[in-house]
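Beneath this line is the structure, given in structure tokens, with notes to follow.
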């Protein structure tokens, strides 16, 4: 069976269609986003200070938002089953990311896929 790197593919889709993603899900944000200023940052790795675990952000975008330089962090978690303390782990990652980069907006979505009964 071929293993598909869903995280990489999703990051490529987000990078290619970032403006359309914002327009679709956050139309009010799009109105204040200078699309000519968009820069995709190198991969960022954050350390959870409570566990020492290293986590990688999916996409960090530097751009002008509301007339000032801003950072958007988009992080997704692809899960096939429930994970204990999922929400707590996610919040810790976001706090670590905020400590490193003072971003203006944060879009965080969890996708939970379950096998049909």
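Just so it is clear, none of the values below were taken in a lab; they were calculated from the coordinates. Values in this document were obtained by computation on a predicted structure and should not be read as measured data. Positions of Cβ are backbone-derived with ideal geometry, glycine not excepted, and every protein chain shown enters the neighbour counts.
For the residue pair residue 20 and residue 2, what label-to-label distance in nm results when each label sits 7 Å from Cα along the Cα-to-beta-carbon direction?
The answer from the label model is 2.2 nm.
Calculate the FRET efficiency for residue 35 and residue 81 from the Cβ-Cβ distance with a Förster distance of 35 Å, rounded to the nearest 0.05. Write out the running numbers ahead of the final one.
Numbers: r = 38 Å, r/R0 = 1.08.
After rounding, the FRET efficiency stands at 0.40.
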